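Okay, structure first, notes after.
The values are calculated or read from the model by the stated rules, or taken from the named source; none is laboratory data. Everything numeric in this text was worked out from a predicted model, so none of it was measured. Cβ: placed from backbone, ideal geometry, glycine included. Neighbour counts: every protein chain shown. Accessible surface is based on the protein model in full, side chains and every heavy atom, while ligands, DNA and RNA are left aside. Shrake-Rupley method; radii C 1.70, N 1.55, O 1.52, S 1.80 Å.
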Number of protein chains: 2
Amino acid sequence: MSSSTLLDELIRALQVQPGVGPASASRIAYYLLDRKRKEGLGLAKALTDAMDKISYCPKCRNYTDNEGEECKLCSSAQRATQRTICVVEHPNDIEAIENSSSFKGSYFVLHGHISPLDGIGPEAIGLDLLKGRIEKEHIQEVILALGQTVEGDVTASYIAAMAKKMSVKVTRIATGVPLGGSLNTVDGNTLAMSFNYRHDV
Amino acid sequence: MSSSTLLDELIRALQVQPGVGPASASRIAYYLLDRKRKEGLGLAKALTDAMDKISYCPKCRNYTDNEGEECKLCSSAQRATQRTICVVEHPNDIEAIENSSSFKGSYFVLHGHISPLDGIGPEAIGLDLLKGRIEKEHIQEVILALGQTVEGDVTASYIAAMAKKMSVKVTRIATGVPLGGSLNTVDGNTLAMSFNYRHDV
């Protein structure tokens with residue numbers, strides 16, 4: 001309990017952020033009050049704008065600023081000509097892929113993965129919308145860039161079955177030894193996968 | 001660069017917080033957007049209220065919600081009867097002292113320490129105001145609860161000289177071995193101080 005109710009409320013509110021506990025929240029609150037009030041108000045404005053205005057792109061379900069309008073990536077004519085959709089679990093996966101410049105087609109964001117135990121079925125991750133897009137945009141390949149987890153595997157199998165029924169090619173990004181990694185720093189399962197998916201040289 | 005300008009701005013703004021770098025900021029932004037939009041707006045409101053409304057108590061310079069009015073601690077009649085002022089460097093020092101229930105008089109917050117190299121002189125830390133209070137409130141003891149640093153020592157000497165001229169008793173909180181600490185976990189300088197300030201048993 002400090003001398004100011006507003007300060008106590010700020011310290012409590014700051015703890016909504018993952019990784020910020022009571023001690024960090026107190027440090028942040030005093031730091032902003034002592035030295036960065038203008039920047040603190042800037043952060044408040046950025047938070048309000050983001051929470052209020054960021055919505056989903058109706059085509060790829062990525063985050064976008066303009067509600068109802070297609071996002072920057074979806075409205076690119078060049079990307080549409082590729083007839084390839086890359087399916088990811090989360091918007092920040094798109095950031096990672098874009099930073100690697102490894103893909104130039106369109107995206108689709110699941111915002112999660114199929115997880116029957118948590119009551120998350122195919123509809124919750126927007127697979128109806130994905131099916132509609134595959135038909136309408138005459139997609140030729142669906143690339144699954146999903147996490148290498150049990151839920152990622154289940155989701156991949158489900159989408160693969162759906163796409164194969166529609167006679168569309170489905171691929172999944174490779175599992176293996178990372179660049180710069182030596183074999184003895186990689187776990188056994190990853191190494192086993194890299195043997196399974198070995199390729200001609 | 002994400003697909004949303006507002007999201008990029010939020011990630012940048014979050015980094016004003018000490019201990020929050022680009023990776024944590026991105027994690028926090030996506031977490032709030034994905035799952036805690038209401039709490040995110042609550043944090044924005046708490047920030048705006050705190051940055052706009054928290055001001056200094058005109059008597060002790062601690063943070064307070066009501067501009068121009070004395071804070072809760074200063075307006076306590078019981079505390080005023082003690083005629084003792086505890087001088088601290090920062091508002092959160094008061095929190096620590098109040099939590100320990102070791103002091104029941106009034107406080108004075110310097111918001112820093114004398115540091116000639118940084119251009120911080122006696123006026124910048126409000127020593128004129130402190131002098132006025134010692135006279136007006138007929139203070140009998142000034143307790144210096146300052147950090148055990150070079151700047152803390154300089155500030156302590158300055159305030160001690162000022163109070164002694166006014167024939168007011170000045171004390172400084174003890175340096176020594178913490179409770180529960182064994183002698184070999186404490187640094188040599190602290191141990192030497194604890195010998196200097198040994199007391200009768």
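Observations on the structure shown:
- Relative contact order %, the stretch B:67-172, counting alpha carbon pairs below 8 Å whose residues are six or more apart: 27
- Distance distribution P(r), the protein assembly as shown, all Cα-Cα pairs, bin width 10 angstrom from 0: 4, 17, 20, 18, 13, 12, 10, 5, 1, 0 percent.
- Accessible surface of the stretch A:5-53 [probe 1.4 Å, protein heavy atoms]: carbon and sulfur percent: 52
- 5 angstrom amide H check on B:Val170, placed H, neighbours 5+ away: B:Val142
- Alpha-carbon centroids, the stretch A:161-195 and the stretch B:97-122: separation in whole Å: 60
- Residues with amide H under 5 Å from that of A:His111, placed H, sequence gap 5 or more: A:His90
- Calculated [θ] (222 nm, deg cm²/dmol) that DSSP helices of n ≥ 4 give over chain B, each run adding -39,500 (n - 2.57): -13500 deg cm²/dmol
- For chain B, the relative contact order is 12 percent, taking Cα pairs closer than 8 Å that sit 6 or more residues apart in sequence and dividing their mean separation by the residue count.
- The mean number of partner chain beta-carbon atoms within 10 angstrom of a residue's beta-carbon across peptide A:23-32 is 4.
- Across the stretch A:26-31, rounded Karplus estimates of 3J(HN,Hα) from the backbone phi angles (6.51 cos²θ - 1.76 cosθ + 1.60, θ = phi - 60°) give 5, 4, 5, 4, 5, 4 Hz, Gly and Pro being marked x.
- Simple point charges give the picture: +1 on the Cβ of Lys and Arg, -1 on the Cβ of Asp and Glu, and for the stretch A:56-172 a dipole about the Cα centre of about 620 debye.
- Over the stretch B:1-109, the pair-distance histogram of Cα-Cα distances with 5 Å bins from zero comes to 2, 11, 15, 16, 12, 9, 11, 10, 8, 4, 2, 1, 0 percent, rounded to whole numbers.
- Kirkwood estimate for the stretch A:56-172, i.e. one over the average of 1/r between Cα atoms, Å: 14.3
- For A:53-64, mean number of other protein chain Cβ atoms within 10 Å: 3
- Per residue, the protein assembly as shown exposes 55 Å² of solvent-accessible protein surface, assessed with a 1.4 angstrom probe and all protein chains in place.
- When the residues A:Arg37, A:Arg198 are ordered by accessible surface, computed with a 1.4 Å probe over the protein chains alone, the sequence from largest down reads A:Arg198, A:Arg37.
- The orientation-averaged projected area of the convex hull spanned by the Cα atoms of chain B comes to 16.9 nm².
- Rounded to the nearest 10 degrees, the angle from helix A:37-53 to the longest Cα principal axis of chain A is 40 degrees.
- The A and B chains share an interface that buries close to 5000 Å² of accessible area, total over both sides, probe 1.4 Å.
- Rounded to 5, percent antiparallel among DSSP beta bridges of the protein assembly as shown: 20
- For chain A, the longest site-free run once GluC sites (Glu not before Pro) in DSSP loop states with at most 16 other Cβ atoms within 10 Å are removed: A:1-66
- Using the Cβ-Cβ distance between B:Ser115 and B:Thr81 with R0 set to 60 Å, the FRET efficiency works out to roughly 0.95.
- Projecting 7 Å from Cα along the Cα-to-Cβ direction, the label point of B:Gln148 sits 5.1 nm from its equivalents in the other copies, listed shortest first.
- Acute angle (nearest 10 degrees) that the helix B:91-100 long axis makes with the longest principal axis of chain B, alpha-carbon atoms: 70
- Spacing of the two label points (7 Å from each Cα toward its C-beta) at B:Ser157 and A:Gln148, in nm: 6.3
- Pairs of alpha carbons in the stretch B:5-53 whose separation is greater than 14 Å (percent): 55
- Straight-distance crosslink candidates among lysines, where the alpha carbon sits under 20 Å from B:Lys104 and sequence neighbours closer than 8 are dropped: B:Lys59, B:Lys72, B:Lys136, B:Lys169
- Heavy-atom accessible area order for A:Thr81, A:Thr149, B:Thr84, largest first, 1.4 Å probe: A:Thr81, A:Thr149, B:Thr84
- Amide H contacts under 5 Å for B:Ile120: B:Ser115, restricted to partners 5 or more places along the chain or on a different chain, H placed in the peptide plane at 1.01 Å from N.
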